[in-house]
Structures are given as C-alpha cells and as structure tokens.
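Got a structure for you, written out below as structure tokens; questions coming shortly.
The values are calculated or read from the model by the stated rules, or taken from the named source; none is laboratory data. Values in this document were obtained by computation on a predicted structure and should not be read as measured data. Neighbour counts run over all protein chains shown; Cβ positions are idealised from the backbone, glycine included. The accessibility values were calculated without ligands, DNA or RNA, using every heavy atom of the protein model including side chains. Shrake-Rupley method; radii C 1.70, N 1.55, O 1.52, S 1.80 Å.
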Amino acid sequence: MNTKSHKTLIFADSDNGGIVHVANIKGGVGKSTVATNLAAAFSRRGPTLLIDLDVQGSATVALGKDPALVEHSSWELFRRRFSADRIAGKNNATLLSGTRALLHRIEEKAFAQIVGYGELTSLSLNIHPCLDLIPANSDLFKPFYFFHLQNFKYNLNLCRAYYKYIVLDTPSVWNRLTKLLFMSSNLNLIPVTLNALSTKSLKDYLINVKNMAEKDPAVRVRIIKNEVFGKEDSKIKGKARTMMENRRFLDGLCEQVLVRSDCGVSIIPQSIMFDLEIPDSAIIRDAQDEGKSVHQYHQYSAATKAFEELARRVQYVLNSPVPRQRRRLGHRVAGARRRRIKRSRRSSCLPSSA
C-alpha cells in the first residue's frame, strides 16, 4: 500500500532514479524488449545499468552482444561479493587516505566474503554513453542457494552507488530469486500482451504478487500493455473483441493507496495499469536484429515515442514519496484506529463488549 500527500510536488528534474524489475511468469510478452528499450530511454536521463538475469540472454543479444563470447556474466553477482572502487588518487592522497586504502586491501584479502573484493564495474559492457550492460550466459543454469541470493542483494545495493537507474531483465519463473527482486526493487514492471493466454496467466501471477504485497506494502507494481496490434478503437475483425475484453479486465486492476490530508487518512483505489500501449512494430524487431535499441535504430518512430513516454511515467512513479518505515505503515494506521475506538468507548461509558 503506497502513501500519497496532496501537498507533495514531484519534479522530473529532482529525479532520484531507482531499480526497475521487469518480470512476468508468462514467456513471450516482451520482457526483454521492454527492459532494453526502457534502459536505453533512461540512459538519456542519467547513468543506467541493464542486468540480464535470463539464461536465454535475450537482452544481451538485443543489444548486440553474444552470450557465448562474454568474459563475465551476471552470475558473478551471485557467486561473490564486490567492493567499491578505491577513489583515492595521487593528487588527493594523504596519510589518512593511504592508511584507509591499506586497511581496505587487508580486509579484502582476509574477509573477502564479508566486505567483498574486486571492482563491480569490471563486469559491465558499455553499449553507448550512459548505458552499461551486465550480460547473461549459460552460467545462470547453476542452482541458486541462500548465500547466492545474499551476495546478489549486496551487489545490487552496491550498483546504486554507480548508476542512477538499474533495469533488471528476468526469466519467466517464480522462485526465491523472483521474490527477492520484487522486494528489493523500487518498481516492478509487468509487461502483458492483449491475448487470452497472457491475461489468464497474469491473473494467477497477480495472486502471488498480492500475497507478497500484503506482507510488504512497499512492493510497487505497474502493468504495461505491450505488443499491441492496432489502436484502441481498431475495427479489425477477429482480434478486436478479445483485445477489448482484455483491456477492460486490465483497466480494472487497482491497488489501495493511503492519501493523507488535513482531515485524516483515506484509502482509495488507484490503477496499477499505465495508460499507455507499446505498439507491435516491425521496427522493434528490426532493431533487435541489428543489436540496437529502438531509439538508435529509428528515433522518430512511434515505438521510440512510446518507450520515451514509458520512461517518463516510470520516472514519476520512482519519484513518488514512500514513507521511511514502509513496512509498519499499516500497523500504525490500525493502531490509531484502535485508539480512537477505545477513546470513544470511554467517553460514552459503554462496556468493552459493546
């Protein structure tokens, strides 16, 4: 459950960035397409990192890299912990900074699994200015254990020191890694296509997401309609009826939002569906064949404009205020409600069983 205030103003020029997790248990809905082009759009707003966690390496291939030829993959984020780069240079070197650097090297040797070792930036491949990629390869077939997930969580937090935006492209599964990514990301973006199979799987998928959100109200989810054939008012026979029915179902998906005002706290529904459709375009497929983002391939296309608008809306959600103690928000509201009931009982001299 999110919290909003009518007194809060959100400006795009005060963007803090964040981690965007692109996920869906249904394959073939365009997760890698959304992840790569969203990351490319973010790169025009600040340093961006795309992490390919799908063993198929679709995002890696879409950006012109061969998974079989990469030296390092995203599996390294699970295998070990990295440390921050040592910034102290010769020009600003002092006795204190030199001592700290020496102690850090000793810690790396003695407690590598705790403090980490090596530079995180050595994993990334530069795609174009302000866009880096940590590719995927067959190493991701290896099993994940608890310490792997803890290493990844540690390294993901470390990535925020280097990049304004981090986009995660994930496989079509529901496992411990998926749950960790939902909990660790600032926004979980679910692409969905307007067909019966995609909509049916989304219903089941959202049940698990809802159960997770009830335990942690900080989990934020948004859905984007992807690979849409035709426009909303399209009269194409055969597809028009199914697409309109699925649109009505998707537009009805909501989440509860706490709105604070001078009168108190109100709970209202808010759509989790972006009012935006990514078109089904041959330009997107041609760009992937060339190993480029849509903006690089054809910057004036309708698909490019759609991904730019998606980046703007995701940026707005990332900048939306979130309380510091997000997990305890529901408990505080429930506690305040109980206190008001007790006070009203005392004032009216009613027995507690009434």
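Output the peptides 207-215, 311-319 sorted from most to least packed, where packing is the average of other Cβ atoms within 10 Å over each peptide's residues.
Answer by packing, highest mean first, reads 311-319, 207-215.
Where the centre of each part is set by its Cα atoms, how far does segment 137-175 sit from segment 18-90, in angstrom?
Here the answer is 9 Å between Cα centres.
Same structure again: At a probe size of 1.4 Å, how large is the accessible area of His21, to the nearest 10 Å²?
It works out to around 0 Å².
Sorted by accessible area with a 1.4 angstrom probe, largest first, how do Phe229, Phe147, Phe82 fall?
Ranked list, largest accessible area first: Phe147, Phe229, Phe82.
How much net charge surrounds Pro143 when only other residues with a Cβ under 15 Å from its Cβ are counted (Lys, Arg +1; Asp, Glu -1)?
The answer is +2.
Report the gain in length on full extension from Asp139 to Thr121: 0.36 nm times residue separation, minus Cα-Cα distance, nm rounded to one decimal.
Full extension from Asp139 to Thr121 adds 4.6 nm.
Still on this structure: Quick one: length gained pulling Arg248 to His72 fully straight, 0.36 nm per residue minus the C-alpha distance?
58.9 nm
Which FRET efficiency value, to the nearest 0.05, is calculated for Leu197 and Ala161 with the Förster distance at 25 angstrom and r the Cβ-Cβ distance?
Calculated transfer efficiency: 0.05.
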